[in-house]
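Peer 1: Take a look at this one; I'll ask things after.
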Amino acid sequence: MESFDRLAQIMAQLRAPDGCPWDRVQTHESLRPYLIEESAEVLDAIAEKNSRALCEELGDLLLQVVFHAQLAQEAGEFSLDDVCQGISDKLVRRHPHVFGDERAADADAVKPLWDAIKKQEKVARGEVQTDSSVLDGVASSLPALAGALQISKKAAKVGFEWPNEDGVWDKVREEIDELQSARDMGESKERQAEELGDLLFSVVNIARWRKVDPETALRDVNLKFKKRFQTMEKIARAEGDELEALSPEEWDTLWNRAKVSDH
C-alpha cells in the first residue's frame with residue numbers, strides 16, 4: 001500500500017541524523033507510555049462509537065508499531081517488513097479452515113483449531129518444557145481485570161473450575177463477607193487490600209461465566225459515569241449551584257435528573 005510505505009518512509013526520516021530531535025532520542029522503553037495511551041484512546045473511540053475519532057486513533061496506534069519497527073531495524077534486529085510478514089504467515093497458519101483443508105462451522109469450532117496450532121508452534125520453537133505452566137502466556141503488563149480474565153480462563157481450561165455458576169456466586173459472597181470481616185476486625189490496609197483483590201478476582205470469574213469481558217464492562221461504566229457526572233455539573237452550573245455545597249439528597253436528585261437527561 002502506497003500510504004503505508006509513505007508512513008514508514010516518514011518515520012525513517014524522523015529518525016535520520018537530520019530528523020526530529022525528539023524522535024531521534026526515543027527508545028522502546030521510552031515509548032511504552034505512548035503505546036498504552038494510544039491503545040486506550042482507540043478503546044475510548046470504540047466505546048463512544050465515534051468512527052472519525054477511531055480512524056484518527058488507529059493511525060496514532062499504527063504509528064507506534066511503525067516507530068518500534070524502525071528502532072528495531074536500526075539495531076539490526078528486524079524490520080517492519082518482518083513484522084508484516086510474520087503476522088501474515090501466522091494468520092494463514094492459524095486459519096486452516098480458511099486457507100487449508102480444515103472445516104469450522106461456527107466460531108466455537110475455531111477455538112480448538114486455534115489452540116492446537118498455537119501448541120504446535122510452541123513445540124516447533126522449543127518452548128514446551130516439563131516445568132512450564134499453563135499461565136506462562138499471560139502478559140504481566142495486561143490491565144489487572146484483563147489479566148485476571150486470562151488467568152481464570154487458562155486455569156479453567158485444564159479443569160480448575162467450579163462445577164456450575166452457583167459456586168462462583170457463592171465464592172463472591174464469601175469474599176464479600178471476608179472483606180467486611182477484615183474491616184470490622186480493624187485489620188491492616190494490606191490485609192483488606194488482599195481481601196478486596198480476592199473479591200475482584202471472583203467477580204472476574206462471574207464475568208467469564210456470563211461471557212462478559214470485565215475490562216470492557218468496567219471501561220463502559222467508567223465512561224457512563226463520567227458523562228453522567230458531567231451532566232450533573234452542567235445542570236448545577238446552569239442553576240447556580242455549587243457542587244461542593246449540595247446535600248446527599250440534592251446529589252441524589254441531581255443524579256436522577258442526569259440519568260433522565262442521558263436517555
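All of the numbers you see were taken from the coordinates with simple rules; none came from a lab. Not measured: the values here are computed from a predicted model. Virtual Cβ from ideal backbone geometry, glycine too; neighbours counted across all protein chains shown.
Peer 1: If you average 1/r over all unlike Cα pairs in segment 2-93 and invert the result, what Kirkwood radius do you get in angstrom?
Peer 2: 14.4 Å
Peer 1: Can you tell me which lysines have their Cα less than 27 Å from the Cα of residue 226? Leave out same-chain residues fewer than eight positions away.
Peer 2: Within the straight-line limit of under 27 Å, residue 226 reaches these lysines: 49, 211, 234, 259.
Peer 1: What list of ³J(HN,Hα) values in whole Hz, one per residue of segment 236-251 in order, does the Karplus curve 6.51 cos²θ - 1.76 cosθ + 1.60 (θ = phi - 60°) give from phi, with Gly and Pro shown as x?
Peer 2: With the stated coefficients, segment 236-251 comes to 5, 5, 5, 9, x, 8, 9, 4, 5, 8, 6, 7, x, 5, 5, 4 Hz.
Peer 1: If the viscosity is 1.567 mPa s and the temperature 4 °C, what Stokes-Einstein diffusion coefficient in µm²/s follows for segment 90-248 when Rh is the Kirkwood radius over Cα pairs?
Peer 2: D = 65 µm²/s.
Peer 1: Taking trypsin sites (Lys or Arg not before Pro) as exposed when DSSP calls them loop (any state but H, G, I, E, B) and at most 10 other Cβ atoms lie within 10 Å, what is the longest stretch of the chain free of them, the sites themselves excluded?
Peer 2: In short, 126-210.
Peer 1: I would also like to ask the following. For a quick check: sort 204, 168, 65 by the number of other beta carbons within 10 angstrom, fewest at the front.
Peer 2: With the fewest neighbours first, 204, 168, 65 line up as 65, 168, 204.
Peer 1: Can you list the aspartates and glutamates whose alpha carbon sits under 15 Å from that of residue 111, skipping same-chain ones fewer than 8 residues off?
Peer 2: Result set, ordered by chain and number: 102.
Peer 1: Hey, what's the Cα Rg ratio for segment 110-193 versus the globular rule of thumb, 2.2 N^0.38 Å?
Peer 2: Normalised by 2.2 N^0.38 Å, the Cα Rg of segment 110-193 equals 1.51.
Peer 1: Now, a different point. Could you tell me which of 110, 236, 138 has its Cα farthest along the dipole of the chain towards the positive end, charges placed at Cβ (Lys, Arg +1; Asp, Glu -1), taken about the Cα centre?
Peer 2: Selected residue: 110.
Peer 1: Under the Kirkwood approximation for Rh and a Cα-based Rg, what ratio Rg/Rh is obtained for segment 144-212?
Peer 2: Radius of gyration relative to Kirkwood radius: 1.02.
Peer 1: Expressed in nm², what is the orientationally averaged projection area of the convex hull enclosing the Cα positions of segment 148-187?
Peer 2: Quarter of the Cα hull surface area: 3.5 nm².
Peer 1: Something else about it: Suppose the chain between residue 244 and residue 191 were pulled fully straight at 0.36 nm per residue; how much longer would it get relative to their current alpha carbon spacing?
Peer 2: Length gained between residue 244 and residue 191: 15.8 nm.
Peer 1: Ranking 231, 216 by Cβ neighbours within 10 Å, fewest first, what do you get?
Peer 2: By the 10 Å Cβ count, ascending: 216, 231.
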